[in-house]
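Reviewing the structure listed below.
The values are calculated or read from the model by the stated rules, or taken from the named source; none is laboratory data. What you see is a predicted model; the values in this text were computed from it and never measured. With ideal geometry, Cβ positions are generated from the backbone for all residues, glycine too; neighbour counts draw on all protein chains shown.
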Ligand code: SF4
């Protein structure tokens, strides 16, 4: 039986982000809670039995207290994950190194045009952000597992081979690399005509990639596989899941009691199975020196 301690709960600590990506999944415009309001909710998560927390957004590092929140969760006993574009990662690495288990950073292209096409003008240099991080990490005593994420769409399907080849020549090896078929969810729904990609085209490309790069820890998920496959806590503590092209509200971590929270998540065998399948990579965490 899948237990709360095994589920990675994604906590959107802010819905703010100024990068304006075309494929963004967030629900913008939900007000942030304060540090003082958040800490008791992390306590409640722990009391209920959760042991894995993902700090996401929006851009979580836009909150001044993001390191404080990760530190608090780590000290309580959570496995910690941070999903970020990575602009602050090297800068904050010394503070994060002992309190963060995983970081997830996006890379969707290795040229400006693809980055702009799939994300935004402000993300045009994202491949350099990743490159600088992976070069820099080779010279420090890093203990944080690195996961790259690539959203596969019509804008980059023919460039994936070049992207993996380019990253695998960088001096630091990542511990996981997830490829996701574009999902028209949240803000991204508006861009479906430009970005949507056929499932079988996506799967063919994934198999080729895996064969061509057997040493790179590549894995993937289709839109269907990702549907209902992650439990998200919004900045207002609503617990939601992606459900088709929308989100469905399950409960609220602050206001609802333990029984309601557990039954709304773990009482649904589809959610349980899909979350298990989608988040297997977190179990492959390595102890890094
Ligand atoms: S996808 Fe991430 S980086 Fe892009 S706008 Fe959304 S939150 Fe910001």
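Keeping to segment 175-211, report how many residues are in a helix (DSSP H, G or I), within 16 Å of the ligand (Cβ to nearest atom) and surrounded by fewer than 20 Cβ atoms within 10 Å (Cβ to Cβ).
Looking only at that region, the number is 7.
Of these, 269, 214, 242, 235, which one is buried (at least 16 other Cβ atoms within 10 Å of the Cβ) and either at pLDDT 95 or above or farther than 27 Å from residue 62 by Cα (or both)?
235
Only one of these conditions is not met by residue 1: (1) at pLDDT 95 or above; (2) loosely packed, with under 15 Cβ neighbours inside 10 Å. Which number is it?
(1)
Condition first: closer than 21 Å to residue 192 by Cα and either more than 16 Å from the ligand (Cβ to nearest atom) or buried (at least 17 other Cβ atoms within 10 Å of the Cβ) (or both). Now tell me which residues in segment 16-46 satisfy that.
Scanning segment 16-46 gives 17, 21, 22, 23, 24, 25, 26, 27.
Please list, ordered by residue number, the helices (runs of 4 or more DSSP H) wholly in segment 23-106 having 1 or more residues that are closer than 15 Å to residue 13 by Cα and without any contact (Cβ under 8 Å) to a residue 60 or more places away in the chain. So that I can check it myself, show each step before the final result.
Numbers: elements: 35-48, 66-76, 89-96.
Because the criterion is at least 1 residues that are closer than 15 Å to residue 13 by Cα and without any contact (Cβ under 8 Å) to a residue 60 or more places away in the chain, the helices (runs of 4 or more DSSP H) in segment 23-106 that meet it are 35-48, 66-76.
Considering every residue within segment 139-147, establish whether at least one is part of a helix (DSSP H, G or I), in contact with a strand residue (DSSP E or B) (Cβ under 9 Å, 6 or more places away or on another chain), within 16 Å of the ligand (Cβ to nearest atom) and modelled with pLDDT of 95 or more.
No; the residues of segment 139-147 include none that is part of a helix (DSSP H, G or I), in contact with a strand residue (DSSP E or B) (Cβ under 9 Å, 6 or more places away or on another chain), within 16 Å of the ligand (Cβ to nearest atom) and modelled with pLDDT of 95 or more.
Only one of these is over 26 Å from residue 246 (Cβ atoms), crowded, with 16+ Cβ neighbours inside 10 Å and within 16 Å of the ligand (Cβ to nearest atom): 56, 61. Name it.
Within the list 56, 61, the selection yields 61.
Looking at segment 1-15, which of its residues are in a loop (DSSP other than H, G, I, E, B), more than 16 Å from the ligand (Cβ to nearest atom) and under 17 Å from the mean Cα position of the chain (by Cα)?
Kept after step one, since they are in a loop (DSSP other than H, G, I, E, B), are these residues of segment 1-15: 1-3, 7, 13-15.
With the extra rule that they be more than 16 Å from the ligand (Cβ to nearest atom), the set shrinks to 1-3, 7.
Across segment 1-15, the qualifying residue is only 7.
Find the residue count for segment 247-267, including only residues that are more than 18 Å from the chain's Cα centre (by Cα), outside any helix (DSSP H, G or I) and touching a residue at least 40 places away in the same chain (Cβ under 8 Å).
Number satisfying all stated conditions: 2.
Give segment 45-63 a look and list any residue that's over 15 Å from residue 231 (Cβ atoms) and at pLDDT 95 or above, or say none.
Matches in segment 45-63: 46, 47, 59, 60, 61, 62, 63.
Which of the residues that make up segment 108-134 are within 19 Å of the chain's Cα centre (by Cα) and within 12 Å of the ligand (Cβ to nearest atom)?
Once the filter is applied, which keeps residues that are within 19 Å of the chain's Cα centre (by Cα) and within 12 Å of the ligand (Cβ to nearest atom), segment 108-134 yields 108, 115, 118, 119, 120, 123, 126, 129.
Could we say that residue 125 is free of Cβ contacts under 8 Å to residues at least 24 places away in the same chain and surrounded by 18 or more Cβ atoms within 10 Å (Cβ to Cβ) here?
For residue 125, the condition - free of Cβ contacts under 8 Å to residues at least 24 places away in the same chain and surrounded by 18 or more Cβ atoms within 10 Å (Cβ to Cβ) - is not met.
Of the residues 105, 99, which single one is away from the ligand (no atom under 12 Å from the Cβ) and over 30 Å from residue 263 (Cα atoms)?
When all the criteria are applied, what remains is 99.
What about residue 270, is it in contact with a strand residue (DSSP E or B) (Cβ under 6 Å, 6 or more places away or on another chain) and not in a loop (DSSP other than H, G, I, E, B)? Don't jump to the end; show me each part of the working.
Details: in contact with a strand residue (DSSP E or B) (Cβ under 6 Å, 6 or more places away or on another chain): no; not in a loop (DSSP other than H, G, I, E, B): yes.
Taking the combined requirement at face value, the residue does not satisfy it.
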